[in-house]
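**Q** Provided herewith is a single structure, encoded as structure tokens, for subsequent inquiry.
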Amino acid sequence: MTRPNILWICTDQQRWDTLSFLGHAGARTPAIDRLAAAGTAFDRAYCQSPICTPSRASFLSGKYPIAHRVQRNGNEGFPGDIVLVPRLFRDAGYRTGLIGKLHLSRANGVVEKRPADDGYDEFCWSHHPDPDWAEGHDYHDWLKERGVDAKAIYDPLRAIGPGVDAEVHQTTWAGERAKGFMRRHAGRPWFLSINLFDPHPPFDPPASYLARFDRAEMPGPVFAPSDLEHQERLFEVDQQARVAVDPRRGDPDSAMYEPPAPRPAGANHDTPPETYDGKLVRACYHAMIALIDDMVGELVAVLEETGQRRDTIVLFMSDHGELLGDHGLIYKGARFYEGLVRVPMVFSWPGHVREGVVSQALVELVDLPQTLLEAAGLPEGEGMQGKSLWPLLTGAAPAEFHKPYVLCEYFDALGLPDPRHTRASMYFDGRYKLSVYHGHGTGELYDLEEDPSEFRDLWEAEEARELRCRLTARAFDALMRVSEPGPRRTASY
């Protein structure tokens, strides 16, 4: 079998319900829709952490967070003993490249320190578009070549609304760099990671893209008034926001409308607004994804133009989701609602991956390394804990079942001022979702078959006591199965 090229497109903070071919209101993604029609999509794909760094460490290493130990954003470095999947492809003769963010260690105020051997031959780094680094920022070098000063076009206090023009956008830069990589390396196997910053906050699409989306046509957040009291209970264990926000207060069409409060000095793209228009946020969010969708279409066109389409696996996914006003919350934190932990995932390789399939199997991002390695005919890395999706993708196994449950973890990930260092975990078996906030004696339990919007928390319900105990035992067993055993064993003693 010819070894395929790998075009791996990873967005940042994109929910699963943002692809139009799945019928979600407000979404317009024709290029990704075409990619799915020519391949297989997974409608129930889950991340291993609702935060960037631990999630990325999982899908690049094939290990769960409890095993790879990289639980937080902002770390001083990345463990040298963890082998990343691009290194395995490079060692097998692939030309490898990264465009965008890596975010396996700190990027706040410093250019990210790369792992000792991350496996990337070419490294075009840009964590986010703002001018926070004087050098080492490839996107800003690209802007300078065009006579554009990043400091003049990026407002550090921007939150929701029109941003820079599409012609100078970071997503456009990523697409241009990717086109060059694919053209340069046609004729030999290559592995390219495109790690976009969007649709991560701030929600600031180009004005030309925002004009395509009418806020009045957007669905509102998944919200019930009972969410406010429910979140107040959970704020005791996670301070991702100080108070729950009623999205009706920010909706101009609501009788409860209040104008948004001014952004405080020193605010940044991780500072949640106190009042927001949930429908406007969604319009901006979908507009950001529309720009990404156009980039995807252009990259596929280059593959076709250069005769590489039938030799290339295209994978589209995201590291985790976005709360987007659901349940009165925005951005991310120690929560496990569907909007935050369920992500898009699409594979396409003409002639090899089944076409037009939408699988409802439970799958995880930790499954990706073994999937790509098996597709390329390469052995999996030592200690990988996922399960290859290749049999489902090719039809060797039914598309509707992969594994009986999925896991997600959170541990002190955002560095919030909570000395108790929130640790939480999720166990979801396809119907029941159990979230435990460890050390706090509390959690959440939802029956997604009866309550898909996750409004009725059964954690304290008397009728669900036995169910909660049973699921807690299963979740504990599941986490212990994937805990790290330590150094390689070479003898019996």
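**Q** Output the qualifying pairs, or none if there are none: Cβ atoms under 7 angstrom, residues six or more apart or on different chains, first residue in the range 354-372 and under 17 Å from residue 37 (Cβ atoms), second residue buried (at least 18 other Cβ atoms within 10 Å of the Cβ) and aromatic (Phe, Trp, Tyr).
**A** 359/42
**Q** Against the condition aromatic (Phe, Trp, Tyr) and outside the structural domain of residue 34 (by TED's automatic domain parsing), how does residue 257 come out, does it pass? Lay out the reasoning, then the answer.
**A** Values: aromatic (Phe, Trp, Tyr): yes; outside the structural domain of residue 34 (by TED's automatic domain parsing): yes.
So residue 257 fits the description; yes.
**Q** A further question follows. Could you tell me which numbered condition residue 256 fails, if it satisfies all but one of (1) in contact with a Ser or Thr (Cβ under 9 Å, 6 or more places away or on another chain); (2) over 27 Å from residue 73 (Cα atoms); (3) among the hydrophobic types (A, V, I, L, M, F, W, C)?
**A** Result: residue 256 passes all but (1).
Residue-by-condition table, conditions (1) surrounded by fewer than 20 Cβ atoms within 10 Å (Cβ to Cβ); (2) under 29 Å from residue 17 (Cβ atoms):
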| site | (1), (2) |
| --- | --- |
| 425 | no, yes |
| 440 | yes, no |
| 450 | yes, yes |
| 463 | yes, no |
| 472 | yes, yes |
| 485 | yes, no |
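**Q** Oh, and also: With (1) outside any strand (DSSP E or B); (2) under 13 Å from the mean Cα position of the chain (by Cα); (3) crowded, with 24+ Cβ neighbours inside 10 Å; (4) of a type outside the set (Gly, Ala, Ser) as the list, and residue 324 as the residue in question, which single condition is left unmet?
**A** Looking at each condition in turn, residue 324 falls short on (2).
The values are calculated or read from the model by the stated rules, or taken from the named source; none is laboratory data. Since this is a predicted model, take the numbers as computed values, not measurements. Backbone-built Cβ (ideal geometry, glycine too); neighbour counts: all protein chains shown.
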